[in-house]
Each structure stands twice: as structure tokens, then as C-alpha cells.
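Visitor: I am attaching a structure below and will ask some questions about it afterwards.
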Amino acid sequence: MTLADASSLRLSLSWVDYALLIIYFATVLGIGIMAKRRVRTSMDFFLSGRSMPAWITGLAFVSANLGATEILGMAANGAQIGMSTLHYYIVGAVPAMVFLGLVMMPFYYGSKVRSVPQFMLKRFGKPAHVVNSIAFAVSNVLIAGINLYAMSIVIEAMLGWPEWVAIVVSAGFVLLYITIGGLSSAIYNEVMQFFVIVAGLVPLTVVGLHRVHGWSGLKEALLNTEGISRLHLSAWQGTGIGDVTNPIGANWLAIVLGLGFVLSFGYWTTNFTEVQRAFSAKNMSAARRTPLIGAFPKLFIPFIVVIPGLIAAATVGNQFADGTLTYNDAIPKLIQMYLPSGVLGVAVTGLMASFMAGMAANVSSFNTVFTYDIWQEYIKPNMPDAHYLRTGRWVTAIGVVVGIGAAFLAAQYGNIMTYMQTLFSFFNAPLFGVFILGLLWKRMTPAAGLWGYVAGIIAPTVVWIAYLRDESLFGSATAETMYGAIYSFLAVMVVSVVVTLFTTPKPVSELKGLVYGVGSIDVKGDVVAGDAAWYRSPALLGTVALALCVALYLPFL
Amino acid sequence: MSQNPSEVPERITLGPEEKEELIRHTRRTDLRRIIGALFLVYGVVVTLMGILDPAADVAKTGGLHINLWSGLGMLVAAGLFFLWDRLAPVPAEDIVASAEAEEIKKAEGEGKLE
């Protein structure tokens, strides 16, 4: 990610704005200390003792994804490719969240696994589990570093702190509240951060729309901006096969299959950073509702992220064109131009909080996977619980330190957003392929799980290298990640089926609750008062979310 | 999870005083109250900014009293969080059940895992 140089984004914060910032972070520490009193076992530290109500885990589910790169990156996309950015939310997130809640969560929560790699272990055995755990741990530390770096350059641009000070101070703060309060503390802060970022972005959007004279004024201003056509205002026009003129650079099939099916299902159903939030829900019903409740705010986030991106394109489009600003500057620039002291403090607090929440989410899932899946499984098994609790705290510290290293590494590279998408096509797409086949097909063997997964990592790597050598292969870097994900998924399918034909499957008795139709999962065994209310029905919540998806596209066809 | 399920107590019941203390503590630290309190403070500060220096608002926003409106909005949000907490507190039986389940898990040695 690159931001504008110099001090063109520098804010003038008054003492009131700083006071709002300090109040927020004092509250965060207070929550950490409060949560600490409840942490007694390693289960409390890593999975919040499985005690959270669904509205909290649901908002945390969305919030864990609402980090630095998400907010700035999606606003940047809004400025650059316009309304097509909606695909990331409508095709690329909500259907997968509904699928997770309705179809996959019973397997996950019902099998009492503590992490996504542990599900791999139960279904496919140790070799696949080792590869998965290590891949997950590595990718999460890298992503934590990216979040940290992104945060530091924004703090540098907006507040004028040197980059390394920003990195060390924010990493130290995340370390402090996670080591104290564990996952509960991370989750509570994600929920609080969600409301603060909304409280900052809503006034920004309102003022922005006021400045460009409303929605129709915005459309008019955009059409008068150099390099922007009416295709920016349409999500689907210009995505015909063989006739791609839409700025997203991909046809509808690639959008639906690559982004909508493989990438997004892969990300939302297997990325433990988000899924862990559902694992900490208090019972099966709450776990299933977690992604479903998260789907509703997800549908409305584009209004306060993508629309500011469009407003930036309309108002400072000339500065994007001549290189004074980069697209990533869209939101920071609008904050600087439009917000007076007061709401300015709230918006800056919201941004800083969302950066930290993104990083905290990576760190808290990294320490769970490292402690349970690597340390306890292969390095030091059969130790007392206190040992793992202590290990978890140490691993958090080490993860943050390595994350700082990764942040300085990320500082060497240019475009972070695409780099992240590429990482997802490497790690999440194949995992989804393996899981979905393994869930539906009881004959699939452990060896097929391992080799299908490995092939699914190699395939997108090859596509990516080919693209680096010859950029004319795909319409845009975004399109490359979509095709990479499709090839990854196909590689998993082909290799898994072939390997299965030549190896022995697990006995059916070991697959109870892990494969569709083998044994039954008790989804009602742990119901509590109120779960039966009609508005808490997972099927209803899922249907309404999908209907809203369709409705939201209608104005932007 | 446990190797000897026979040692695990079927049910652990807490005494009435323990229960009451637990319920009071859990409800006091309800996240809705914390968020409500945060927005109450934010709402007061931002509204005051809007009242004390309206010219600064209008200059930046081109005519909108954004601090005033956002501040009032946050006060309403704070009120709604407090109201939600008041109308639908965490059910007492949920708190007790979750605490008892935790006690049973500890007795099982759930934390130790397999």
C-alpha cells in the first residue's frame, strides 16, 4: 500500500480530538483488565471459554475483517473501479457467510475443534494438518505485519509520527491487551471498534454527500471527471464474456466463480481469524447465527466505505490522476478536508481502532493455532493446562515481535492490497476445496486431503508467477487472483479424486459428524432460553440476508 | 474428553448467594453498558463542540452542523444501548448454566484436552 508522500494528509488535531482518542484506548485497556479476571483456563484464553452471545460474536466476525487494508483498500477500489466494488460485499462475502452459518458451522462447532486446522486433523490426519497449521501460522504473521505497516503509514501521514514509532507503539498496545485478556478482550474490542468506526464514517459520508450535492450531484460530478465513465456507476455493465469494459477487468463468470465462489467461500469459511469468533459462541445456535448476524452489517458497510471512495474520485479525482494522491488516500483525504474537531477525533479513533482490531484478530488466531496445533500436538503434548496458557501468552508476544519484523518487510513492497488477495488465493482457496470435497464425499482419503491441498497451493503460485512474467495474461491484478483461485480449486478437485482412487479411505466409524450424512449432528442439544424465538432461526436470517443481497444490486445494475 | 467419565460430577450447582453475586457481576460488565458509556461521553463532548464553536463546523462542511448532529446521534445511540441492556439483560439461567458448565469442564480437565 502506498500513500501520498509529504504532509498533504496531515491533520490538525486539537486537544479535544486527542482526548477522545485517549478515552477510547483507556477503555480498551480497562476491558482487557476486566476480561483477565475471567481467564482461568487455556480454553478461556483462546476461545473465550465458549461463552459469548451471538450478537457479540457476530459483530466481532465482521469486525475482525474490517481492518486497515479493508477500509482503506475498499474505499480505494471505490475511487478506482467504482460500484463494481460492491461485488466484494454482495457476491464476495454475504453468500459465503450464509453458507458458513447454515451448512458448515454444525460440522465445525459440533466436532468441538478449537481451530480450523484441527478440523483438518480430524478429517484427514496428521500430514495434512501439519502443512495446514504451518501455512496458517506463517500467513497470519505476514498479514499481521501488513496490517501493522498499513497502520503506521496512515498514522505517519495523518499525525506526523515517524513510521517506526507508530509501528512499535501500536504493536505494544495490541500485545498488552491480548496478553492480558486473551480472546475475550480482542472480541470485546472488535465490537466496540465496530461502533466507533461507524460513528466516524457516517458523518464523513454525510458531509461528503452534502459537499457534492447529494447522490445525483455525485453522479454528475463523476461523469465530468477525467478517466471516469458511467461504467463506474454500474456493477454489472461491461462484464460480458469477451467484451470486458468494466473497470474491474473481469467477466461475470470470473466474478461469480472466482470471487464469489472460490475466493470468498474459501476466505469466509476457512479463515480461522474470522471463524474463531464463531467458535467462541456460547452454544450451537449462537455459533450458527454468528456469521448470519455478521452478514447484515456487512451489507451496509459499502455505504460508508465505497461511497466515500466515489466522493473522493469526484472531488479530488484530478489529484489521483496526476499522482499527488494515491487511491489509498481516499478516506484520509476526505477526513482531512471535511471533518471539524470533534467528529474528527471520533473518525481518527475509529481508524486507529480498526487497524488494531485487524492486527489483534490475526495475532489471537495465530497464537491459538500455534499453541494448540503445533506446540501441543507435535512439540510438547500432555502438559498441564497452565503450561499451554503460559505458552499462549509467550506466543502472543513472539507473534507481535515477528509481526513487527514482517511490517518492516512489507515496507519494502509496493502494492499491499493485491499482495493480500494473492495470499488468500494461495491459502484459502485450496483449503476450501479440500474441506468441501471432504465434507460431501466420505470416500475421500487422508492422502487425497494432503496432496489435493498441496496441489491447490502450487497451482495459484504458478498462475501468479506466470502473471508476473507476462502481465498481458489477465485484465488486472484483481482478475489474476480470481483466476488463480479457480485454478487452485480445480487442482484440488482433480488431484484429490485421482489420489482417492488409489489409496484407502478412513473407516466410516471415524467420520461421524465430519462428513455430510455420516452420523448426525445435534444442533439442538445445548439450546438455552430464547433460542427458539422465530427471529433467531438461522434459516430465516440466511434467507433475509440473501434477499437483501439481490435488493442492494438493483439500484446499481 | 476425559478418560474416566465416572469421576466427573453430573451437575455442579452453585449456592444462591454465589449465583446472585455471579449474575450481578456479569451484568455489571455487560458490553452494552460499556459501549453505552463510551458513546455517552463521546456524545457529550462532540455535542458541546457543536454548540460552542458552530462556525468551525460550517467552515469545514459547507453548511452542515455536523458536530451537533453527530453528537446528538451518539447520545441517542448511548440511550439505545442502555435501553437494550435494561430491557433484555443476560438471562440469569444462561449465566448460571455457563458458569456451571465451566465448573464441570474444569472438573473434567477439559483444559488439558485428551
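The values are calculated or read from the model by the stated rules, or taken from the named source; none is laboratory data. All figures in this text were calculated on a predicted structure; none of them were measured in a lab. As a convention, Cβ positions derive from the backbone with ideal geometry for all residues, glycine included, and neighbour counts pool all protein chains shown. The protein model used for the area step is the full one, side chains on, heavy atoms only, and it has no ligands, DNA or RNA in it. Shrake-Rupley method; radii C 1.70, N 1.55, O 1.52, S 1.80 Å.
Okay, residues lined up against (1) within 24 Å of B:H25 (Cβ to Cβ); (2) modelled with pLDDT of 70 or more; (3) out of contact with any strand residue (DSSP E or B) (no Cβ under 6 Å at 6 or more places or on another chain):
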position	(1), (2), (3)
B:G62	no, yes, yes
B:G71	no, yes, yes
B:L75	no, yes, yes
B:G79	no, yes, yes
B:P89	yes, yes, yes
B:E102	yes, no, yes
B:A107	yes, no, yes
B:K112	no, no, yes
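Visitor: Across segment A:502-520, what is the total count of residues that are at pLDDT 70 or above and either β-branched (V, I, T) or out of contact with any helix residue (DSSP H, G or I) (no Cβ under 9 Å at 6 or more places or on another chain) (or both)?
Guide: 8
Visitor: Still on this structure, please answer the following. I want to confirm something. Restricting to segment A:321-334 and keeping residues that are surrounded by fewer than 24 Cβ atoms within 10 Å (Cβ to Cβ) and of a type in the set (A, V, I, L, M, F, W, C), which single residue is farthest from the chain's Cα centre (by Cα)?
Guide: The extreme case among them is A:A321.
Visitor: I'd like the full set of residues that are part of a helix (DSSP H, G or I) and in contact with a Phe, Trp or Tyr (Cβ under 7 Å, 6 or more places away or on another chain), limited to segment A:461-480.
Guide: Answer for segment A:461-480, where residues must be part of a helix (DSSP H, G or I) and in contact with a Phe, Trp or Tyr (Cβ under 7 Å, 6 or more places away or on another chain): A:T461, A:V463, A:Y467, A:L473, A:E480.
Visitor: Of the numbered conditions (1) modelled with pLDDT of 85 or more; (2) open to solvent by 20 Å² or more (accessible area, probe 1.4 Å); (3) over 21 Å from the mean Cα position of the chain (by Cα), A:R123 fails exactly one; give the number of that condition.
Guide: All conditions are met except number (2).
Visitor: Specify which of the listed residues (A:V434, A:V492) is closer than 21 Å to A:G125 by Cβ and touching a Pro at 6+ places or on another chain (Cβ under 7 Å).
Guide: A:V492
Visitor: Let me ask something additional. Quick check, is A:W394 open to solvent by 20 Å² or more (accessible area, probe 1.4 Å), within 14 Å of chain B (Cβ to nearest Cβ), of a type in the set (A, V, I, L, M, F, W, C) and without any contact (Cβ under 8 Å) to a residue 60 or more places away in the chain?
Guide: So A:W394 fails the test.
Visitor: Going by the conditions given, is A:Y177 assigned to a helix (DSSP H, G or I), within 13 Å of another protein chain (Cβ to nearest Cβ), under 27 Å from A:Y18 (Cα atoms) and aromatic (F, W, Y)?
Guide: Judged against the criteria, A:Y177 is not a match.
Visitor: Among the residues of segment B:22-71, write down those that are of a type in the set (D, E), open to solvent by less than 40 Å² (accessible area, probe 1.4 Å) and facing chain A (nearest Cβ under 9 Å).
Guide: Matches in segment B:22-71: B:D57 only.
Visitor: Return the pairs, sorted by first residue and then second, in which the second residue is polar (S, T, N, Q), the first residue lies in segment B:71-97 and is closer than 30 Å to A:S341 by Cβ, the beta carbons are less than 7 Å apart, and the residues are 6+ apart or on different chains.
Guide: B:G71/B:T47; B:L72/B:T47; B:L75/B:T47
Visitor: Report, by residue number, each residue of segment A:440-460 that is within 22 Å of A:G92 (Cβ to Cβ) and open to solvent by 10 Å² or more (accessible area, probe 1.4 Å).
Guide: Answer for segment A:440-460, where residues must be within 22 Å of A:G92 (Cβ to Cβ) and open to solvent by 10 Å² or more (accessible area, probe 1.4 Å): A:I457, A:A459.
Visitor: Applying the selection to segment A:129-164, what residues are assigned to a helix (DSSP H, G or I) and open to solvent by 40 Å² or more (accessible area, probe 1.4 Å)?
Guide: The answer is A:V130, A:V131, A:I134, A:V138, A:L142, A:E156, A:E163, A:W164.
This table checks each residue for (1) touching a residue at least 12 places away in the same chain (Cβ under 8 Å); (2) closer than 28 Å to A:L511 by Cα; (3) in a helix (DSSP H, G or I); (4) among the acidic types (D, E).
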site: A:N428; (1), (2), (3), (4): yes, yes, yes, no
site: A:F432; (1), (2), (3), (4): yes, yes, yes, no
site: A:L439; (1), (2), (3), (4): yes, yes, yes, no
site: A:M444; (1), (2), (3), (4): yes, yes, no, no
site: A:G449; (1), (2), (3), (4): yes, yes, yes, no
site: A:G456; (1), (2), (3), (4): yes, yes, yes, no
site: A:A459; (1), (2), (3), (4): yes, no, yes, no
